[in-house]
Structures are given as C-alpha cells and as structure tokens.
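All remarks here apply to the structure that follows.
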Amino acid sequence: MIARYDLTLGLPHTSRRGLWEPLLLMHAGHYQWNAIAAAIGRPLSELRTVAGGEVYAAFYYIEERIPDRTPIESFGLDAQVRFAISLRSFKNIAVEGLVLFDRAGVLGDSAVTQVPPAGDLEHPFIRFGNIFITPVKGNSELRVAPPANADFSAIPVLPAGENPYHLTREAKETGSLGLVGDDWPALGGAFDFLYEIDCDRDTNGAGLVYFVHYVTAMKRAERALFEKRPLHDGERSLRHRRTAYFGNADPRDTIRVRVSAWRDPRRADRIGLRYAIERQQDGQVICLSEAIEALV
C-alpha cells in the first residue's frame, strides 16, 4: 500500500536557499501521519489507551539520504514535489514510513517497500520511525502506549529485526549513529548552543515540542559554530542524516545543543557533524543526530 501526496512549494515551505530541511521534515512528517490515519481508518487524534488516555504517534527515528544530483535546496518556489510513502507496522506499537520524494514529473509511480541499500539513490529518501506514546507527567515523561481503538492489520508487518528502534537503542548506549568515522579528524572541539523553547512557536497540537524544532535547534547551533569558526566561503548541503529521539522537553525549558564537526578524510568536500541535545531541566539527553554535509 503506497500513499502519494503532492505539494506545490510556496513561501511557507522555503527559505532563502529553497526548500529547507526542517520544513521538508514538517510536511513529510504530516504526510506520514496522514498515511497512518488512512491505513487504520481513523484520525490519529482519536487514538486512546485502554484507560481512555490520549495516544500520540511520536517520532523516535529519522534518516534522510539526499543524492548529490538532487539537493534539498534545488527545490524552489512553485516546484511540484511528490511524496510516495510505504508503511510497515511492528504490532500496534510502532510504524515505519519509507518515503521517496522528488519532482512530480520525475518520481512517477516509484516507491520503496524496504530500506534502500547503501550507495547511490535515484530519488531523495526519508525513513521515519513512529512509536505510540502517552504523557505520564507532562512532556518530560512519556510512556509507550499501544492504542486500543485502532486496527493495524492493513499495514504490512515490520519484522522485529528491521525495526529502527534497535538503531536508537544502540545510539543511546554508544553516543554514535554511525555516519562519522572513528578516523575522521575533528575540526576543533565541541560547541555548545543554548536554545530557548518558545511555548507557542515550538509546540504542536498535542502540547509536545514538535519533532522538527529539534532539527531547527541543531541547524541554529551549526550556524553559530561556523560563524565563530569559518570553514569555507560557500554553503553546506545535507547529504545524509540520522536522528534518534529519546524524550521530549517542557515547552518552557531551554535545551543545550552540543555540536562538533569532523573532516571526511576521503573527500575534501564533505564534513561530518554530531549533535547531542539535552534539556536543562534535568540534564537528560533527549536527542542525538549525525549528518554528512557537502561543501558547495
């Protein structure tokens, strides 16, 4: 079962360079939720626990892979972008979305039902992992909560061994998501950036800090890093990112983003970035990310 959605890019979807990563994830994530709702036959806002508590499909893993020939920022105003989403479900606890996107005239009927192998991609690709949770004591304590009023039988099965939950668990144990190599030389030490959460701008309708705004905070921290330590005269363009989420923050908290940069020893036009986000409330790490960017 493939869900397809078309989006005409306008000013709400673009920045000074074109389509911007957080805005891409915002809309792709929205289509992911729509696809899940269509598959189970009810809006996600209606999901409830056995006891009647609210249930949300929170993102816990995201991977983005962007071919050199189709960078995100190459999608500009009035571009017709098509998203093709295939879902797999691990019981009624987690849902994986495999997303191809490209210009509508280029993507056609293409779709993927398994994670594409490493190497060159024909189209940009996003892998989403959602898990159903319910707030226990506000945003700071979330609990896995299978919805009791939804039927997931229409969604193909996600084998336990292919569930991206294993990637997030390993990242929490090791602090690494496997994109930056052990032999990559560091470009200076780690850089800390404080991001004050705006309780209106940065939250969603569930009252949680929206998953996209953690990426926004990472982009802000990265920009601040390279303003202090200029790297080159051009821009940077995302080629690969993995992000693991372990929790959420109170809407009135401040989060600390620690970012470090690394040089790819095999490609002079590539750098690696590692990000760790912790909430000031208790110092808990709630998000890790690694990215490979091209210097353009």
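Here are a few things to note about the model shown:
- Between 269, 198, 233, 253, the distinction of being modelled with pLDDT under 95, more than 19 Å from the chain's Cα centre (by Cα) and farther than 21 Å from residue 172 by Cα belongs to 233 only.
- Lone qualifier among 11, 24 - being closer than 27 Å to residue 291 by Cβ, surrounded by fewer than 20 Cβ atoms within 10 Å (Cβ to Cβ) and not charged (D, E, K, R): 11
- Number of the condition not met by residue 68 [criteria: (1) in contact (Cβ under 8 Å) with a residue 60 or more places away in the chain; (2) under 22 Å from residue 166 (Cα atoms)]: (2)
- Set 35, 84, 57, 51: member being touching a helix residue (DSSP H, G or I) at 6+ places or on another chain (Cβ under 6 Å) and either part of a loop (DSSP other than H, G, I, E, B) or of a type in the set (A, V, I, L, M) (or both): 57
- Subset of region 77-115 [of a type in the set (Lys, Arg) and closer than 30 Å to residue 146 by Cα]: 88, 91
- Qualifying residue in region 17-25 (condition: assigned to a strand (DSSP E or B), at pLDDT below 95 and at negative phi): no
- Filter pass, residue 149 being over 29 Å from residue 80 (Cα atoms) and under 17 Å from the mean Cα position of the chain (by Cα): no
- Only one of the numbered conditions (1) part of a loop (DSSP other than H, G, I, E, B); (2) farther than 30 Å from residue 119 by Cβ is violated by residue 181, and that is (2).
- Failed item in (1) of a type in the set (Ser, Thr, Tyr); (2) within 27 Å of residue 254 (Cα to Cα); (3) assigned to a strand (DSSP E or B); (4) modelled with pLDDT of 95 or more, with residue 176 passing the rest: (3)
- Flag if residue 265 is within 16 Å of residue 140 (Cβ to Cβ) and either without any contact (Cβ under 8 Å) to a residue 40 or more places away in the chain or not hydroxyl-bearing (Ser, Thr, Tyr) (or both): no
- Selection count where residues are closer than 20 Å to residue 34 by Cα and out of contact with any helix residue (DSSP H, G or I) (no Cβ under 9 Å at 6 or more places or on another chain), scope region 154-172: 3
- Which numbered condition residue 207 fails, given (1) at pLDDT 95 or above; (2) over 23 Å from residue 294 (Cβ atoms): (1)
- Subset of region 264-293 [of a type in the set (Lys, Arg) and crowded, with 20+ Cβ neighbours inside 10 Å]: 274, 279
- Residue within region 78-85 that is at pLDDT below 95 and either buried (at least 22 other Cβ atoms within 10 Å of the Cβ) or farther than 26 Å from residue 296 by Cα (or both) present: no
So that you can scan it fast, the table gives a plain yes or no per residue for (1) of a type in the set (A, V, I, L, M, F, W, C); (2) under 19 Å from the mean Cα position of the chain (by Cα):
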| site | (1), (2) |
| --- | --- |
| 10 | no, no |
| 60 | no, yes |
| 71 | no, yes |
| 83 | yes, yes |
| 91 | no, no |
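The values are calculated or read from the model by the stated rules, or taken from the named source; none is laboratory data. Because the structure is predicted, anything quoted here is derived from the model rather than measured. Reconstructed Cβ throughout: ideal geometry from the backbone, glycine too, with neighbour counts over all protein chains shown.
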